[in-house]
Each structure stands twice: as structure tokens, then as C-alpha cells.
Amino acid sequence: MVWSILGAVSLFFNIAKTDKLVSNNSEFISTNKTHLVENTTTINNSNFSSPNTNTRLLFIKRVSYAASNLLKDTVYKNEKSRSSVHPTSNPSKKIEIVTYRIYFNGTIEKHIPKVVAEANKNKYKYEYFPKKGTSIDLGTYKIKKTIAYKGKPGEYVNLINLETVPKYFKKKEYQYHFNIDSRRSFVNEKTLASFFGAMLDVNYLDISCNGFSHEDGSSKPSRSHINGNNGDFKYLRATKELRCGPGTSLNISKSADLLDYSRQNKWNDALYKFGWKKMLGWTYTIKRKTNKLHHIDHKTTNHYHHLHVQKYEPDFKEIKQ
């Protein structure tokens, strides 16, 4: 059937060069003033061989209509196939380094190439994919393969020092600024991706991290911050100040009026989106009304001056080339 139509299209161009099909945004239109015939009834050979000019033109118009539909169908299938892929990602792109792709909707992908270049061993690359536009390179970082603290025999975790990550970043409308106010400066390969994703989701310039894990995956004096999974953050101030050092955490039990609860709720939402499904914190009271921050069900002892994130369960997929 396809060959018949193609043959007819070829004849059409040789006999009647008045019908020219052009493509504009994958939509095919006729450039002459003759409307394409809507009837697609099969044409007999006798009609084609008839010397009657009107019959020949009718045939040409029908063939033009059928060819146009065939081309439209092909374009539609190609566009549908492309739409199943993230608009800014390129799964077939050759990579020679383990790469984390962080998507605006909270999805995180780890792409592992068949061959890692010698210069890229023990390094991971991170990219952010916004809703619109091209991917954003967030840098390449050295990983430290470590025996998982309190893990099973043979269990390892790849840790990355946040001190090696640029504290300030800006590209177009995407930006962040954070500090590390703790000796527990190590996250793992996944939580770094989530940290990036959450920061670029809100674009704040006053994120103060009170620590994740130590270099060996432990978390003394804390017991719950092992292997770079759980972290602490200062509450956000209405003044948007980025403070660091002893006594700089905002105590929302005593100074709730200094809390920027609107931005804090958005930050909590971003952290939740990118993987931390449980948070420990404190309530705040303004004008005699007590409120809860997003994803915090109740007050937790000693969490009036920082937000704790845990139960790390990101929307994660590992892809091997």
C-alpha cells in the first residue's frame, strides 16, 4: 500500500506540478488554491487510464490527500515517540563518567556508562534539568568509598564532602547560597543530588546546614546522622541573613517573630520532594496562635533551633548504558 501511494505521489509531481506540499511545524498544508478531496475511495485503474482530464485531476487530488495523511501519520508517530523522553535529556548521549541527573519534579537518575574514563574514576558529575531549557552543570566531585557505618558486612557508601561543593551558584534564574556550620560535612552520592535539587527548587541564598555525617560515616555526638542520609538545617530568618557559628541558629520557641515561615514551608516542601519524607522540628506561636511547619507533626525535644530531615526515600532510578 505504501509503495502504491509513493508511486502515485511520484506520478503526481511529474504530471501536475501545481500541488506542492510543504511542512510547517510538522503540519502539512496545500500551497495552491485547489482543496484536497475528502473522499478516499480507492481509484480503479480504468479511472487512471481515462483520457478525461477532470478524472485525472480528481485522481491526483485524491493521491495528494492520501500522501498528506500518510506523512502526517509518520510525523505524529515520530513526535509521540520523542515526547516519551524528558524534553531536555538525551539518553543516547555518550558519557564517560557516572552522572546524576536531577529533575525539577524530584526525580533523580544515576547514569552509569559502560566504560568510565581513567580520569573520571572515583568522581561523579551532577546535572540539574529544569522544567524549561537545557540542563545545568553543577560540577564534578570526588567520592570517598567508605565502609557503611553500622552497615552489613561488605556494605559500602560513597561519601562526598560538602566543603568541596561551591557555596554559591547562579545560572540564569537558578541559584543557591549555603554554608556548613558543622564538622559533620559529608553527604552521600544520592543526598548530594537531593540537596542540589531542593536548593534549586527554592533558589534561596541563606541555607545554613548544621551537618550530616563525619568522614567515616559516623555522626557523633548525634546517633541518627550516619552514612550521609540525615541532615540538620537552621530555620530561615525573615531578614534572609546567612549566619554561621555558635549561637547563630534561630530559636523559634523564643523568637518566632523572626521566622520566615512562608519561605520555611517552601524549603520543607522542597526537601520532602527530593527525598526526605520525615522531619523533626518545633511549632511556632504568633499572636497567641500556635502553628506547625509543613511536614512536622509535633514538637520534638531540642529541635526548637533547627530542622532535622530523615527517612530518605527519593524517587531514584539507576540506568546502566
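Going through Ser224, Ser185 one at a time, which residue ends up being within 21 Å of Lys144 (Cα to Cα) and in contact with a Leu (Cβ under 8 Å, 6 or more places away or on another chain)?
Working: Ser224 fails: in contact with a Leu (Cβ under 8 Å, 6 or more places away or on another chain).
None of the other options fit; the residue is Ser185.
Could you please let me know if Ile180 is surrounded by fewer than 20 Cβ atoms within 10 Å (Cβ to Cβ), more than 29 Å from Leu259 (Cα to Cα) and of a type outside the set (Phe, Trp, Tyr)?
Here the answer is no, as Ile180 does not meet what is asked.
Which pairs do you get when a residue that is at positive phi, found in segment 261-275, comes within reach of a residue that is open to solvent by 30 Å² or more (accessible area, probe 1.4 Å) and part of a helix (DSSP H, G or I), reach meaning Cβ atoms under 8 angstrom, with the pair 6+ apart or on two chains?
If the second residue must be open to solvent by 30 Å² or more (accessible area, probe 1.4 Å) and part of a helix (DSSP H, G or I), the pairs left are Gly275/Lys190.
Just need a number here: residues in segment 124-170 that are among the β-branched types (Val, Ile, Thr) and closer than 13 Å to Leu200 by Cα.
1
Only one residue in Lys317, Lys311 is assigned to a strand (DSSP E or B), closer than 19 Å to Glu109 by Cβ and under 29 Å from the mean Cα position of the chain (by Cα), so which one is that? Lay out the reasoning, then the answer.
Numbers: Lys311 fails: closer than 19 Å to Glu109 by Cβ.
Every option except Lys317 fails the conditions.
Mind counting the residues in segment 255-269 that are closer than 14 Å to Asp206 by Cβ and in a loop (DSSP other than H, G, I, E, B)?
The total comes to 1.
Of all residues in segment 162-177, how many are closer than 21 Å to Ile143 by Cα and open to solvent by less than 40 Å² (accessible area, probe 1.4 Å)?
Qualifying residue count for the region: 3.
Could you list, in sequence order, all residues of segment 121-155 that are farther than 26 Å from Ser219 by Cβ, among the hydroxyl-bearing types (Ser, Thr, Tyr) and open to solvent by less than 20 Å² (accessible area, probe 1.4 Å)?
Passing the criteria: only Tyr128.
Answer with yes or no whether Lys114 is in contact with a His (Cβ under 8 Å, 6 or more places away or on another chain), open to solvent by 40 Å² or more (accessible area, probe 1.4 Å) and over 20 Å from Asn227 (Cα atoms). Lay out the reasoning, then the answer.
Values: in contact with a His (Cβ under 8 Å, 6 or more places away or on another chain): no; open to solvent by 40 Å² or more (accessible area, probe 1.4 Å): yes; over 20 Å from Asn227 (Cα atoms): yes.
No: the conditions fail for Lys114.
Consider segment 215-228. How many of its residues are closer than 16 Å to Ile180 by Cα, in a loop (DSSP other than H, G, I, E, B) and touching a helix residue (DSSP H, G or I) at 6+ places or on another chain (Cβ under 9 Å)?
Qualifying residue count for the region: 1.
Looking only at residues that are open to solvent by 60 Å² or more (accessible area, probe 1.4 Å) and either outside any strand (DSSP E or B) or at pLDDT below 95 (or both) in segment 270-284, which one is nearest to Thr107 (Cα to Cα)?
Lys273
The values are calculated or read from the model by the stated rules, or taken from the named source; none is laboratory data. Here the structure is a predicted model, which means the values were calculated and not measured. No Cβ is skipped: glycine too gets one built from the backbone with ideal geometry, and neighbour counts run over all protein chains shown. Calculation scope for accessible area: heavy atoms of the full protein, side chains included, ligands and nucleic acids excluded. Shrake-Rupley method; radii C 1.70, N 1.55, O 1.52, S 1.80 Å.
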